[in-house]
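Worksheet for the structure shown next.
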Amino acid sequence: IWVINSAFPVFDSNGSFEGIMSVITDITIRKIIEQELNQEKNKFESVLNNINDGMFQDSIDGKIIFYNKKFLEIFGLNDSDIPNIDIEYFTAPEHRDEIRERHNKRTVGEEVPELIEYQGLHKNGNRIWIEARVTAIYENGKITGTQSVIRDITRRKIRNEELKKTVTELNNRNNELMQFNYIVSHNLRAPIVS
């Protein structure tokens, strides 16, 4: 069993030390519950830190209050960076106003689309494309901040741009072939008619 022992000295009416009085309380159930909670917390942290998406929570003023390892990895941050940053820190300048406006609207209860794509900034200065799904956090019926699940979609954006260029190039070549076909058929038609 687990016990907690509270002891204090006992003095007689003359102020002479008579002994020690102890109160022993059985705290076994509390310890078992604490151990079970720690096991659940460890499971939760393991899942949270091993998913492929970054997650973070921020307060109403946009300060980061909770995050997982993938969030740090996406932006190249360290635990020591977190107290000094807010949601604009890792957002490209041209997207900061939009991100802040959406955050402010969401924290006062206005309807804002959950999904957004924007350019973020890695700590090394590189730009990365981010897909974020953002929802409000409620505690006791009151909005206390937002929670975001983010994904680095830079490779997907680059592939899409490459595909667009390829499609444009193929369309141009197809148009050139059509033009060539028209010219050849026109040039062949005259001798055949003759």
Would you be able to say whether some residue in the range 151-161 is open to solvent by less than 70 Å² (accessible area, probe 1.4 Å), among the β-branched types (Val, Ile, Thr) and touching a Lys or Arg at 6+ places or on another chain (Cβ under 9 Å)? yes
I'm told Leu48 meets every condition in (1) surrounded by 10 or more Cβ atoms within 10 Å (Cβ to Cβ); (2) more than 30 Å from Ile137 (Cα to Cα); (3) in contact with a strand residue (DSSP E or B) (Cβ under 8 Å, 6 or more places away or on another chain) except one. Can you identify the failing condition by its number? (2)
Phe75 fails exactly one of the following numbered conditions: (1) in contact with a strand residue (DSSP E or B) (Cβ under 6 Å, 6 or more places away or on another chain); (2) in contact (Cβ under 8 Å) with a residue 40 or more places away in the chain. What is the number of that condition? (1)
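The values are calculated or read from the model by the stated rules, or taken from the named source; none is laboratory data. Treat the numbers as computed from the prediction; the structure is a model and nothing was measured. Heads up, the Cβs are rebuilt from the backbone with ideal geometry, glycines too, and the neighbour counts pull from every protein chain shown. For accessibility, only protein heavy atoms count, side chains too; no ligands or nucleic acids. Shrake-Rupley method; radii C 1.70, N 1.55, O 1.52, S 1.80 Å.
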